[in-house]
Amino acid sequence: MARVSDIPRSLEDIFGISKILGDPVAPEMNRRTALTLGGAAAGALIAHPRPAAAAPPAAASHRPAPGTGPHGSGEPTAELAKTWWTPQRQVWTPVGWKGHLFRFDVFYNGTTVCQPVIALPPSGAPTLKPYLAQYRGKDFQLTPVMPSGGAIPRLADTPYYMHRADFGVGIQGWREDVETPVLWTEWRRQEGLVLRQYSFAHVPGAKPVDQPGGPIYAWQRYEVDWVDAHNRPEKFEFALRLSRLYLDHVVGPPEQQEAFLTMQVTPSAAPLAGALRTDRIWNPDGRPLTVPVLDETGAVRMIVGTPANGSIALVEADGHPGVYDLRLTVPAVKGTHVDVLLPMLVQPRADADTEWALGWDGALAQCEAFWTPRPATASVIETGERQVDQFFRRSVQLAEVIAEKSPDSGRFTFLTGSFGYDLLWSTPTSMVSHMFLDLLGRHEVVDRHTDLFRDVQGKRKPPGPIYQNLPTDGFFATPVSLQSFDWLGDHGAILEGAARHALLSHDEAFLERWLEPIVAGCDFIKRACEYTGHDGVHGLMPAAASNDTGVAQQSIWIQAWNYKGLASAVRLLRRRGHPRAAEFGAVADRFCEAFGDALRAAAAKAPTWTHPDGTKHPVLPTKFAGPDSPWPFLEAFDTGALTAVWAGLLPASDPLMRSYVEFFRVGPNTRLFDPHHHTALDRVVLDHEQSSGEPCYSWNIFHTWQLGDRLRFLEGMYGLISGAVSPDTYISGEHRNAMYGSLFVQPLITWAARHAVIDDSLVEDELHLLRLCPLAWVGADRQTRFERMPTLYGPVSLRFRLSGDGRTLTVDFQGSWVDRGPRRILLHPPDLPGLRSIQVGHRRYPADGVVVLSPGR
């Protein structure tokens, strides 16, 4: 089986080839043959797998016909991927400030939620975020209400699902002319105009967070964005409905809506505890007004600025005492607007007036000064696909908004989500560090949000009875005040995050603080794998809780994360010449061997499924020991055996891995899959190479990457970028149409996009360029840029552009090696019709084979 010490160092080691293509004079084989080596090389990355049944043939994916994609290739694009699914429903997107304790959550229909405490706390967890207890009952909701039938609709009397009123779909986006994340929401009115809401967050002084729970304001503008030149009203009336929070998360039955969660409107929860009022409004000459809305104590709930010839009135909502409609009338003239200042919590009059005095422009200017600076290490990505470029631009900002500086510890931490998952699941959230921000050069952000785990190491017991017999020194866990559920995989995820950050950032100060904890984390895995006082597979991590059910299993999920963290730590220790590197490398080798043996033994006893070609294949288990989970279909894909390739436990070429991917492409689940009525807990399939359960766990993308299965790889990457995140606001959902406000999918998309163009993971000691680069990113009308992209060897910048006649690709490559560069750098020419040559600096290479650039060392 695979051993860390046996990883081949090059294609020569795998195939016995003495020279790869790229000599400007004499290429040695044709380009298509060389490109095929990508998959074969990947298959040998870990080890030649043991003999097993032949893998089934690859199943066809839903792909465009040749001639319809970029350069007539038939490849997918971001725009094409938008057509694969219906629009996502009930999306909400946080608007906030880096590290602030609170965020404003803006729904697809402009509804703004001010929820300073946990929106969906797990049951039986009263100790979560005790510092939020003082804010209970101080929630607030602002709901824009458009006229219907010439009147403002009244609030319903009975609960209903949110999407039933408007199909759960709105029109949103980010302003692209400013660096500040300014979210817009649009209402297209048949009266003859378009009204837009703009929202951004601001803290007084516009400085980095000092007081995590200090004042934070949402500045909103309701502006007439467009009017019909021939058929429009003179004035337009709408309302802002002011209430307590009355949106509920409904989990499970009676309706799941393609996911396990639906948002419900619960009118009985809407009444405020106290009355709202305004000062007397008398404005016969129609001048602009500033109108504070006050609570019963005289504190400011919001401030409104009206335009000339507008009107404003605060009235109690019909039939709902304690709910208020702020009725606003504006002239139907493009540019006319109402400004609203909405604090998260009511503010003293003097403080709110000081903030209001800044004005929209003043507050936005301060935000621009705050959001514009970038760290020197920050990457730049320009692909020419607007959706892709804006996705990266806004996602890095959202990562620091969906985070907090916790008042009890003074530490920064990422959160798993906003308005729903505003706690910390350390395993999936760790991916924000090592598969997303670190790959984009945001090393300082990762460092700052990772340090809290050092404080907790060794202070908590692992979540499994077997571990009560083992020392817990070195065990990583989540701080109890932030933790929702305890997973043993968290240890490996935290170890992976720390080791991978050190490998990519080359930050000596970080390593000085983290080297001892990383070694101690490896020691914990070593002790656990050597312990034999349990009934599971020896040589692996014993059973423990590995998901939110708390069921103790010797699950594959536990093994994958802990092995991944251990293997990355071994690589780091070897780079450092650490005296225990060989010892832990041997532990990793034995771990990998035991896993492979256990999975093959389990496969031999597993039930089988029949491929359409008539061959039979095993249905691989999700665990080696322990009781069954209540979520067998979800776990089979999302946390099951497909993780083995990503973790490095098995190669994608292994027949078991090839077979199991096919199970989700053409197996029995696909016969039961109904794309119109599917829920996230149903039997999981690959829907456009994306998990129909939890898209963020579409581990198959590592299989297609390693095998060089180009079209499926791109289908998966673009499927995630259009089907698993909102193509409008780029916020991620745990499932399609449910539990938004997170960054679940950003890591997988970022990893795929970076490795498609700059790949430091395919073969040890080699750097591969453009191997799976989408043809949509290769054009003559602009230069594609991937600048300051961190790699295991140091930051890399890659720029490329096609000549006007399509015959030459000009490539500019720079590597800033920190220690030593890769032994070899290979450039894979894009498969473009008419491409004849590759220009790299002053050298021209034929485009019919892989180009070997000058050695990195």
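Values computed for the structure shown
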{"read-out": "The listed residue being aliphatic (A, V, I, L, M) and touching a residue at least 60 places away in the same chain (Cβ under 8 Å), out of Leu452, Leu440", "value": "Leu440"}
{"read-out": "Every residue from segment 835-849 that is at pLDDT 95 or above and open to solvent by less than 60 Å² (accessible area, probe 1.4 Å)", "value": "Leu835, Ser837, Ile838, Gln839, Val840, Tyr845, Pro846, Ala847"}
{"read-out": "Hey, Ser742 touching a Gly at 6+ places or on another chain (Cβ under 8 Å) and under 30 Å from Trp92 (Cβ atoms) or not", "value": "yes"}
{"read-out": "Strands (runs of 3 or more DSSP E) within segment 164-227 that include 1 or more residues among the hydroxyl-bearing types (Ser, Thr, Tyr)", "value": "183-189, 193-202, 217-227"}
{"read-out": "One residue from Ala752, Ala776 being closer than 28 Å to Asp848 by Cβ, more than 22 Å from the chain's Cα centre (by Cα) and not acidic (Asp, Glu)", "value": "Ala776"}
{"read-out": "Filter result (touching a strand residue (DSSP E or B) at 6+ places or on another chain (Cβ under 6 Å) and either over 18 Å from Asp351 (Cβ atoms) or open to solvent by less than 40 Å² (accessible area, probe 1.4 Å) (or both)) within segment 273-298", "value": "Leu276, Arg277, Thr278, Val291, Pro292, Val293, Leu294, Asp295"}
{"read-out": "Unique match (being of a type in the set (A, V, I, L, M, F, W, C), within 19 Å of the chain's Cα centre (by Cα) and assigned to a loop (DSSP other than H, G, I, E, B)) among Phe485, Phe419", "value": "Phe419"}
{"read-out": "Residue within segment 513-536 that is part of a loop (DSSP other than H, G, I, E, B), at negative phi and open to solvent by less than 10 Å² (accessible area, probe 1.4 Å) present", "value": "no"}
{"read-out": "Lone qualifier among Arg460, Arg386 - being of a type outside the set (A, V, I, L, M) and under 25 Å from Asn737 (Cβ atoms)", "value": "Arg386"}
{"read-out": "Residue under evaluation Ile216, criteria (1) open to solvent by 30 Å² or more (accessible area, probe 1.4 Å); (2) at pLDDT 95 or above; (3) closer than 21 Å to Pro407 by Cβ, criterion not met", "value": "(1)"}
{"read-out": "Residues within segment 613-627 that are farther than 19 Å from Asn700 by Cα and either open to solvent by less than 80 Å² (accessible area, probe 1.4 Å) or in contact (Cβ under 8 Å) with a residue 60 or more places away in the chain (or both), tallied", "value": "7"}
{"read-out": "Residue within segment 352-372 that is modelled with pLDDT of 95 or more, in a loop (DSSP other than H, G, I, E, B) and out of contact with any Leu (no Cβ under 7 Å at 6 or more places or on another chain) present", "value": "yes"}
{"read-out": "Given (1) acidic (Asp, Glu); (2) assigned to a loop (DSSP other than H, G, I, E, B); (3) within 30 Å of Ser698 (Cβ to Cβ), number of the condition Glu787 does not satisfy", "value": "(2)"}
{"read-out": "Residues that are assigned to a loop (DSSP other than H, G, I, E, B) and among the aliphatic types (A, V, I, L, M), drawn from segment 712-741", "value": "Ala724, Ile731, Met739"}
{"read-out": "Residue check, Thr143 hydroxyl-bearing (Ser, Thr, Tyr), farther than 30 Å from Ser481 by Cα, in a loop (DSSP other than H, G, I, E, B) and in contact with a strand residue (DSSP E or B) (Cβ under 6 Å, 6 or more places away or on another chain)", "value": "no"}
{"read-out": "Counted residues, segment 691-743 - those being of a type in the set (S, T, N, Q), at pLDDT below 95 and under 14 Å from the mean Cα position of the chain (by Cα)", "value": "1"}
{"read-out": "Neighbours by Cβ (under 6 Å, 6+ apart or cross-chain): first from segment 340-357, open to solvent by less than 70 Å² (accessible area, probe 1.4 Å); second assigned to a helix (DSSP H, G or I) and of a type in the set (A, V, I, L, M, F, W, C)", "value": "Leu341/Trp356"}
{"read-out": "Residue within segment 226-247 that is touching a residue at least 40 places away in the same chain (Cβ under 8 Å), surrounded by fewer than 17 Cβ atoms within 10 Å (Cβ to Cβ) and acidic (Asp, Glu) present", "value": "yes"}
{"read-out": "Looking only at segment 476-498, and only at residues there that are β-branched (Val, Ile, Thr) and surrounded by 24 or more Cβ atoms within 10 Å (Cβ to Cβ), the one that is farthest from Trp514 (Cα to Cα)", "value": "Thr478"}
{"read-out": "Test: residue in segment 767-783 that is in contact with a Leu (Cβ under 6 Å, 6 or more places away or on another chain), surrounded by 22 or more Cβ atoms within 10 Å (Cβ to Cβ) and within 29 Å of Gly417 (Cα to Cα)", "value": "no"}
{"read-out": "All positions within segment 816-834 that are surrounded by 20 or more Cβ atoms within 10 Å (Cβ to Cβ) and closer than 23 Å to Leu440 by Cβ", "value": "Gly821, Pro822, Ile825, Leu827, His828"}
{"read-out": "Checking Met435 against (1) within 24 Å of Ile518 (Cβ to Cβ); (2) of a type in the set (A, V, I, L, M, F, W, C); (3) open to solvent by 10 Å² or more (accessible area, probe 1.4 Å), the condition it does not meet", "value": "(3)"}
{"read-out": "Complete set of residues in segment 578-610 that are farther than 24 Å from Thr427 by Cβ, open to solvent by 60 Å² or more (accessible area, probe 1.4 Å) and of a type outside the set (Ser, Thr, Tyr)", "value": "Pro579, Arg580, Ala582, Glu583, Asp597, Ala604, Lys605, Pro607"}
{"read-out": "Candidate set: segment 187-202, residues that are of a type outside the set (Gly, Ala, Ser) and under 26 Å from the mean Cα position of the chain (by Cα); chosen: the one surrounded by the fewest Cβ atoms within 10 Å (Cβ to Cβ)", "value": "Tyr198"}
{"read-out": "Subset of segment 76-93 that is open to solvent by 50 Å² or more (accessible area, probe 1.4 Å) and of a type in the set (S, T, N, Q) - its residue that is farthest from Met263 (Cα to Cα)", "value": "Thr83"}
{"read-out": "Filter result (aliphatic (A, V, I, L, M), more than 15 Å from His320 (Cβ to Cβ) and surrounded by 14 or more Cβ atoms within 10 Å (Cβ to Cβ)) within segment 142-168", "value": "Leu142, Met146, Met162"}
{"read-out": "Looking only at segment 299-328, and only at residues there that are part of a loop (DSSP other than H, G, I, E, B) and of a type in the set (Gly, Ala, Ser), the one that is surrounded by the most Cβ atoms within 10 Å (Cβ to Cβ)", "value": "Gly310"}
{"read-out": "Residues satisfying the stated conditions in segment 457-475, i.e. open to solvent by 20 Å² or more (accessible area, probe 1.4 Å) and either farther than 22 Å from Asp535 by Cβ or without any contact (Cβ under 8 Å) to a residue 24 or more places away in the chain (or both)", "value": "Gln457, Gly458, Lys459, Arg460, Lys461, Gln468, Asp473"}
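The values are calculated or read from the model by the stated rules, or taken from the named source; none is laboratory data. What you see is a predicted model; the values in this text were computed from it and never measured. FYI the Cβ positions are ideal-geometry reconstructions off the backbone, even for glycines, and counts take in every protein chain you see. Side chains are part of the model used for accessible areas, which takes the heavy atoms of the whole protein and leaves out ligands, DNA and RNA. Shrake-Rupley method; radii C 1.70, N 1.55, O 1.52, S 1.80 Å.
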